[in-house]
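Peer 1: For reference, the structure I am asking about is given below.
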Amino acid sequence: MTLGIGGLHAGYGRIEVCRHIDLQLADGEFLAVLGANGAGKSTLLGAIAGVVAHRGSIDLDGTQLASLNARERARSGLALVPEGRRNLFSPLTVHENLQLGLRLLPAADRTRLLDEILSMFPILGARRTQAAGLLSGGEQQMLALAVALARRPSVLLLDEPSQGLAPLLLQNLAEQIRALRSMGLAIVLAEQNHRFAAQLCDRYVVLVAGEIGDEGSRDQLQDAQHVAHALMAA
Ligand SMILES: Nc1ncnc2c1ncn2[C@@H]1O[C@H](COP(=O)(O)OP(=O)(O)O)[C@@H](O)[C@H]1O
Ligand SMILES: [Mg+2]
């Protein structure tokens, strides 16, 4: 699926946070959205997912999503994994959280997809009766990904999944995200951690005060000096 964002402005009430955003995401492509704290990364992902007010155009494979609500966008193939794993219900068990994720699918497809997800994240099967809030940070991040995958999306919007995870867990997370890629998902990853993003993305943009201030290839992102320069402007 191809995602095209054109002339997107997004914000809260009269506060405009993101301005003039144009982005193209090809089938199966991986785009990193970098930027300092407060640059507008979460606002941009929220606008695409339909949970933050916006104007402009959001086209998914020829379907205009801008006038659809968040649930309709989810049905069209967008899934947001919000910052701080806020798509999880802490008192509910792992299994119950997954069932909530699966509820948008036809009942006949649920069991098979659940099996697929649990084979990707076996630890979630072992923890199925545990409350989500009692999982470790790394396990919660896995569950947050799994709940989003339960909607069988074509485009995954990942908001700072690395946040709060120990360096050792970051490697596991990077491998899991790579595995999602190989399923053919297009991914937009918002990150402050540009080293983490550089392991995964094809291209990046840097948000500077809500506008795209710089963009480039993964090779350019691995050039630390170039990135430090771009982020310093942020
Ligand atoms: N619910 C909200 N209401 C008003 N302003 C907000 C809200 N959420 C975020 N902001 C403001 O929008 C700006 C961008 O925030 P955010 O998109 O969360 O940035 P980032 O994800 O890059 O850290 C910040 O100035 C922040 O204070
Ligand atoms: Mg954020």
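Conditions (1) modelled with pLDDT of 95 or more; (2) in the same structural domain as A32 (by TED's automatic domain parsing); (3) outside any strand (DSSP E or B), marked per residue:
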site: L68; (1), (2), (3): yes, yes, yes
site: R73; (1), (2), (3): yes, yes, yes
site: G84; (1), (2), (3): no, no, yes
site: G101; (1), (2), (3): no, no, yes
site: L105; (1), (2), (3): no, no, yes
site: L113; (1), (2), (3): no, no, yes
site: I117; (1), (2), (3): no, no, yes
site: T129; (1), (2), (3): yes, no, yes
site: G133; (1), (2), (3): yes, no, yes
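Peer 1: Follow-up question, since we're still on this one. Step by step: first the residues of segment 186-208, then only those that are over 10 Å from L34 (Cβ atoms) and either hydroxyl-bearing (S, T, Y) or in contact with a Phe, Trp or Tyr (Cβ under 9 Å, 6 or more places away or on another chain) (or both), then the one that is nearest to ligand 1 (Cβ to nearest atom). Which residue is that?
Peer 2: V188
Peer 1: So I15 clears everything in (1) β-branched (V, I, T); (2) within 30 Å of H226 (Cβ to Cβ); (3) within 12 Å of ligand 1 (Cβ to nearest atom) except one condition, right? Which one?
Peer 2: I15 satisfies all of (1) β-branched (V, I, T); (2) within 30 Å of H226 (Cβ to Cβ); (3) within 12 Å of ligand 1 (Cβ to nearest atom) except (2).
Peer 1: Please work out which one of (1) buried (at least 16 other Cβ atoms within 10 Å of the Cβ); (2) of a type outside the set (D, E); (3) more than 15 Å from ligand 2 (Cβ to nearest atom) is the condition A26 fails and give its number.
Peer 2: Evaluating A26 over (1) buried (at least 16 other Cβ atoms within 10 Å of the Cβ); (2) of a type outside the set (D, E); (3) more than 15 Å from ligand 2 (Cβ to nearest atom) leaves (1) as the failure.
Peer 1: Just the residues that are hydroxyl-bearing (S, T, Y), in a loop (DSSP other than H, G, I, E, B) and either out of contact with any Phe, Trp or Tyr (no Cβ under 6 Å at 6 or more places or on another chain) or closer than 28 Å to E72 by Cβ (or both), please, taken from segment 146-185.
Peer 2: Residue satisfying the conditions is S154 alone.
Peer 1: Can you pull out every residue in segment 63-97 that is within 16 Å of ligand 1 (Cβ to nearest atom) and acidic (D, E)?
Peer 2: E83
Residue-wise test of (1) in a strand (DSSP E or B); (2) within 13 Å of ligand 1 (Cβ to nearest atom).
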site	(1), (2)
L23	yes, no
V33	yes, yes
L44	no, yes
I48	no, yes
V52	no, yes
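Peer 1: Here are R103, R85: which of them is free of Cβ contacts under 8 Å to residues at least 60 places away in the same chain and over 28 Å from R218 (Cα atoms)?
Peer 2: From the options R103, R85, the qualifying one is R103.
Peer 1: If you go through segment 154-167, how many residues are surrounded by 24 or more Cβ atoms within 10 Å (Cβ to Cβ), away from ligand 1 (no atom under 16 Å from the Cβ) and not β-branched (V, I, T)?
Peer 2: 1
Peer 1: Out of the residues in segment 34-77 that are touching a residue at least 12 places away in the same chain (Cβ under 8 Å) and polar (S, T, N, Q), state the one that is nearest to ligand 2 (Cβ to nearest atom).
Peer 2: Filtering segment 34-77 for residues that are touching a residue at least 12 places away in the same chain (Cβ under 8 Å) and polar (S, T, N, Q), the one nearest to ligand 2 (Cβ to nearest atom) comes out as S42.
The values are calculated or read from the model by the stated rules, or taken from the named source; none is laboratory data. Just so it is clear, the model here is predicted, and its values are computed rather than measured. Positions of Cβ are backbone-derived with ideal geometry, glycine not excepted, and every protein chain shown enters the neighbour counts.
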